[in-house]
Amino acid sequence: MKLVSYISNNLEHLGIFVNGNIYNLHSVDKLIPNTMKAFLWEGEELMEHARKVDASLRNGSIKAKEELFFELIAPVPYPTSCRDGYAFRQHVAAARRNRKVDMIAEFDQYPIFYFTNHNAIQGPGEIECMPDHFEKLDFELEVAVVLNKKGRNIKAADADSYIAGYMIMNDMSARTLQMEEMLLNLGPAKGKDFSTVIGPWLVTPDELEQYKVPCKPGHVGNAYDLKMICSVNNQRVSAGNMADMDWTFAEIIERCSYGCDVLPGDVIGSGTVGTGCFLELNGTGLLNDASYKPQWLQPGDLVEMQVTGLGTLTNVIKKADTVWSILKLKK
């Protein structure tokens with residue numbers, strides 16, 4: 001299934017994307033709530049109701065009126081939390097090589113994550129950024145999951161059953177802010193808290209079965225052969241594959257849930273795929289060619305992320321109408 005959240009008549013709704021159309025799930029099955037947040041808290045029972053609606057719409061056994069006038073928003077517009085992992089060794093190794101430091105051995109010992117601003121979640125459409133954000137504004141090409149079961153101390157072998165579905169994620173990054181604050185060994189915070197983009201829909205695990213592959217040796221959990229691409233202004237800048245994740249989502253969930261509850265509506269990102277951001281691409285370019293011209297996102301840029309089975313997430317970068325700067329507030 002492909003589940004969506006959308007705005008119609010100034011109200012948020014939960015929908016399902018079938019054969020190119022969006023249908024309101026609650027209007028077809030009154031047991032299904034009208035928002036993604038409420039739906040995720042009901043877990044597998046209501047997921048089964050949605051599957052039946054999906055099958056009936058596909059085979060034509062029920063008729064429903066498709067939505068005609070709507071605004072697509074983030075599939076999970078109000079996550080209970082948002083964590084982002086660091087699962088792709090290729091990205092980590094390249095970033096460290098570009099800084100002329102050795103690969104860190106701890107990467108292969110345990111998965112890590114940080115908390116980002118769950119109130120800054122966005123979906124397709126415009127991303128408004130402040131002037132300081134444009135000091136080396138970056139995309140980050142990722143995949144994210146959302147949970148629909150509460151758990152604590154979950155073992156990796158059981159963790160995939162907590163995943164309601166998968167989405168494309170763009171972990172937007174203001175690199176000058178990020179690098180400045182991380183000199184103090186605390187962060188990232190302001191460099192990351194202004195926008196995290198997910199969408200265009202939430203794809204349930206059953207739709208990805210055809211892409212399942214073994215995870216990396218020594219690891220536990222589901223892995224998928226999903227090609228990941230990012231284009232800026234119709235020029236491809238990044239290409240990778242979700243199968244290159246060294247740490248699986250199951251292993252990341254295991255660590256996330258150690259000694260604390262994970263909740264329905266929690267969003268967890270994979271971390272950046274290899275070549276999946278300008279910071280890495282610029283560093284590699286300069287390492288190989290001193291005359292390489294770095295690239296960063298600019299106002300008006302069109303950013304398109306495409307992942308096999310998960311669709312295309314499209315955004316346009318917009319500059320806020322202000323000159324307010326916190327970078328200028330340094331003592």
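Rule-based calculations on the coordinates, nothing more; no lab input. Because the structure is predicted, anything quoted here is derived from the model rather than measured. All Cβ positions, glycine included, derive from the backbone under ideal geometry; neighbour counts span all protein chains shown.
Worth a mention:
- Residues TYR110 and LYS319, FRET efficiency given R0 of 51 Å [Cβ-Cβ distance, rounded to 0.05]: 0.80
- Computed log10 I(q)/I(0) for segment 1-74 at 0.20, 0.21 Å⁻¹: -0.79, -0.87, from the Debye equation with unit scatterers placed on every C-alpha and solvent omitted.
- Under a 5 Å amide H cut-off, with hydrogens placed 1.01 Å from N, ASP246 pairs with PHE88, ARG89 among residues at least 5 apart or on other chains.
- Normalised by the number of residues in segment 81-329, the average gap of Cα pairs under 8 Å and 6 or more apart makes the relative contact order 32 percent.
- Most mobile of LEU11, LEU313, LEU25 in a GNM of the chain (Cα contacts under 10 Å): LEU11
- Relative to the dominant Cα principal axis of the chain, helix 278-288 is inclined by about 40°.
- Likely footprinting exposure, CYS129, CYS260, fewest C-beta neighbours within 10 Å first: CYS260, CYS129
- GNM flexibility winner over the chain from GLN122, GLN295, GLN109 (Cα, springs under 10 Å): GLN109
- Using a Förster distance of 25 Å, the FRET efficiency for ILE62-ASN10 (Cβ separation, nearest 0.05): 0.35
- Residues with amide H under 5 Å from that of ILE112, placed H, sequence gap 5 or more: TYR86
- Here's how it looks for SER81: its modeled amide H is under 5 Å from those of ASP266, VAL267, which are all 5 or more places away or on a different chain.
- Here SER231, SER238 are placed in order of increasing Cβ neighbour count within 10 Å, fewest first, which gives SER231, SER238.
- Cα gyration tensor shape of segment 269-331, rounded if a/c is under 1.5, else prolate or oblate by comparing a/b with b/c: oblate
- Inverse mean reciprocal Cα-Cα distance (Kirkwood Rh) of segment 221-331, Å: 17.1 Å
- Around the Cα centre of the chain, unit charges on the Cβ atoms of Lys, Arg, Asp and Glu (plus for the first two, minus for the last two) sum to a dipole of about 440 debye.
- Segment LYS52-ASN119, length gained on full extension (0.36 nm per residue, minus Cα span): 20.9 nm
- Protection-proxy order for peptides 160-166, 83-89, 179-185, each taking the mean of Cβ atoms within 10 Å per residue, highest first: 83-89, 160-166, 179-185
- Pairwise alpha-carbon distances in segment 50-106 exceed 14 Å for 75% of all pairs.
- Burial ordering of TYR110, TYR23, fewest other beta-carbon atoms within 10 Å first: TYR110, TYR23
- To the nearest ten degrees, helix 89-98 and the longest principal axis of the Cα atoms of the chain are 20 degrees apart.
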